[in-house]
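Notes follow the structure.
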Amino acid sequence: MDKLRGGFSSRLGFILAAAGSAVGLGNIWGFPTQTASNGGAAFVLVYLVLAFCLAYPAFMAELLIGRYGQANAVTSMQKMSRTLWQKRFAFIVGFGGIICAALILSFYGILAGWMMSYAIEPITSVLGFNETSSWLTSQSMMRNLIFTGLFMLLTVAIISRGVEDGIEKWSKRLMPMLIGLLILLIIYVFTLEGAEEGFAAYLKPDISRVFEPDLLISALGQAFFSLSLGTSVMIIYGSYISKTENLVSLGAQVTLIDVSIAFLAGLLIIPSMYVAQYQGVAIFSDDGSLISGPNLVFDVLPTLFNSMGSIGLFVALGFFVLMTIAALTSSISMLEGPVSFAVERHNVERKKATVLVGLGIFILSTIIILNFDELFGLVISLSTVYGQPLIAMLCCVFVGWIWQRSQILKELKQGDDMVEHSFFWKIWPWYTKFVCPSAIAIVFFHSL
Ligand code: PFF
């Protein structure tokens, strides 16, 4: 491993860091609410199929680019290029991914700030600081600026420490906490009246909805967001993996963890909504669909927690700490993309690069907070609806059409001598060349 760049010290370190990037607000908030508004289990079924059949192959393409290049996204892709136009194309795709990650972080930091302020509220409530509690849970520019800033400071503090001491160490601490908290909360919700109806809604698919175009688009978008595709993040994390590791199985393990945690989050959120209904809280909107988005997390669930008496304070604390941890392990990966670019391409010292890039992104978040109604939705669509699928598709095109097949095999063989005879090698190169780019393109143009 390159001493100057650093890298993951162990297989587990990589798995937890990559799973940490993948598992975030998208899993714990996005996936259950998409499920709730898209026909329950039908959405879960389609999501699982698309995650393994389309997102996993694209994820492997990004990991491989990074592991081959052993550098930031732009340099890694340029190492695979042979002609001038390919190098230019590599720059556009690699840099596009970095910009996409920065844009996502600028709105993700605001959401994470809300989670932090809601996590502190149960403590101020217990201490009897009622005015502070209501400030923490009501929308205000000042609260948003302060908590987005605090969250960015945490992200910067971890990333400035580098790969092993920052990303890996903190992913190893935070991911087990996240899984533990999630399981504890599910067990508790299991014991409450009304949960059973929620489980049924979550687990019984309405097969007739499976081929609805809107459902397919939402499921693919969710799978891409969840695996952090099209953002240069998996390229940079791939570049920190040792050459002796078996990439195919590492990628599959990360995908499996990501999908399982999304599934577990559904087991928490959807039954919780039905428990809330049992307690008299409205969980259906006027049009008859289940409440999703901000209202679910900041109205329905807090009302449920309040109705639980004093234990509700602990449940609320657990839930919002869980959300904050999930957001943090994702935000560090988003910051690493631009920081590694600044360090490796412009020779900026790591700490300085982290502070400068972090500050730049915080300024962007501030602009969004100050023009919330105009910019918040716009930045989300720009980065997640257009940017991510487009860049992920171009990464597949790069691997499928520009990179030589013999080079790809050589790269894969370093961690697995027998890969040439595997099912993966029989399917994946062809899949990345034709199926992934066309499927992503179809869904992308349809969503326009
Ligand atoms: N995968 C994260 C989630 O599900 O919340 C979001 C994310 C992380 C998107 C990193 C993009 C990224 F680069």
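The numbers here are math on the coordinates, done by the rules we state, and not lab data. This structure is a prediction, so every number in the text was calculated from the model and none was measured. Note: ideal-geometry Cβ built from the backbone for every residue, glycine included; neighbour counts use all protein chains shown.
Based on Cα atoms of segment 242-364, Rg over Rh with Rh as the Kirkwood radius reads 1.13. Axis angle, to the nearest 10 degrees, between helix 56-69 and the longest C-alpha principal axis of the chain: 50 degrees. Other residues lying with their Cβ under 11 Å from the Cβ of Trp170 contribute a combined charge of +1, Lys and Arg counting +1, Asp and Glu -1. Fraction of C-alpha pairs exceeding 17 angstrom in segment 224-272: 47 percent, rounded to a whole number. Principal axis extents of the C-alpha atoms in segment 381-429 (largest first, rounded to whole Å): 42, 19, 17. Along the axis of the charge dipole computed for segment 198-322 (Cβ charges of +1 for Lys and Arg, -1 for Asp and Glu, origin at the Cα centre), the listed residues Ile269, Phe314, Leu301 are led at the positive end by Phe314.
A run of the chain free of exposed loop cleavage sites, with GluC sites (Glu not before Pro) counted only in DSSP states other than H, G, I, E and B and at most 15 other beta carbons within 10 Å, reaches its longest extent at 1-192. A viscosity of 1.567 mPa s and a temperature of 4 °C, combined with the Kirkwood radius over Cα pairs in Stokes-Einstein, give a translational diffusion coefficient for segment 187-257 of 81 µm²/s.
Centroid-to-centroid, using Cα positions, segment 401-437 and segment 137-194 are 36 Å apart. Here segment 1-103 was treated as a single set of alpha-carbon atoms; its pair distances binned every 10 Å from 0 give 12, 32, 33, 18, 5, 0 percent. Each Cα pair of segment 350-432 feeds into the Kirkwood radius, which the Stokes-Einstein equation turns, at 37 °C and 0.692 mPa s, into a diffusion coefficient of 199 µm²/s. FRET efficiency for the pair Asp373 and Ser208, taken as 1/(1 + (r/R0)^6) with r the Cβ-Cβ distance and R0 = 51 Å, rounds to 0.85. Computed over the chain, the Cα gyration tensor eigenvalues convert (square root of 5λ each) into semi-axes of 36, 25, 20 Å, ordered from largest to smallest. Bridgeable aspartates and glutamates around Lys426 (alpha carbons under 19 Å apart, same-chain partners fewer than 8 residues away excluded): Glu62, Glu411, Asp416, Asp417.
Built from the Cα atoms of segment 82-133, the convex hull projects on average onto 4.3 nm², one quarter of its surface area. Listed as lacking a disulfide-compatible partner in the chain: Cys53, Cys100, Cys395, by the criterion of no other cysteine Cβ under 4.7 Å. The phi torsions of segment 352-366, fed into the Karplus equation with coefficients 6.51, -1.76 and 1.60 and a -60° offset, translate into couplings of 5, 4, 5, 5, 5, 5, x, 5, x, 5, 5, 4, 4, 4, 4 Hz, rounded to whole numbers, with Gly and Pro shown as x.
Once the cut-off is 24 Å, how many percent of the Cα-Cα pairs in segment 298-448 end up in the long-distance tail?
Within segment 298-448, distances greater than 24 Å cover 63 percent of Cα pairs.
Seen from every direction in turn and averaged, the convex hull around the alpha carbons of segment 402-448 projects onto 4.0 nm². Mean sequence separation of contacting Cα pairs (under 8 Å, at least six apart), scaled by the length of the chain, corresponds to a relative contact order of 34 percent.
Of all the stretches in the chain, which is the longest one without any exposed loop site, taking trypsin sites (Lys or Arg not before Pro) in a DSSP loop (any state but H, G, I, E, B) with at most 13 other Cβ atoms within 10 Å? Write down the numbers at each step before the final one.
Details: sites that count: Lys3, Arg82, Lys243.
The reported range is 244-448.
Taking 25 °C and 0.890 mPa s as conditions, segment 26-163 diffuses translationally at an estimated 131 µm²/s according to Stokes-Einstein applied to its Kirkwood radius (Cα pairs). Segment 139-194 has equivalent-ellipsoid semi-axes of 29, 22, 4 Å, by the square roots of 5 times the alpha carbon gyration tensor eigenvalues, sorted largest first. In segment 117-212, the C-alpha radius of gyration followed by the widest Cα-Cα span (Dmax) gives 19.6, 52 angstrom.
Divided by 2.2 N^0.38 Å, where N counts the residues, the Cα radius of gyration of segment 83-170 comes to 1.55.
One way to sum up the overall shape of segment 311-373 is the equivalent ellipsoid from its Cα gyration tensor, whose semi-axes run 31, 17, 8 Å, largest first.
When you count the other C-beta atoms within 10 angstrom of each residue and take the mean per peptide, 181-189, 150-158 line up highest first as 150-158, 181-189.
Here is the tail figure for segment 186-314: Cα pairs spaced more than 23 Å apart come to 48 percent of all pairs.
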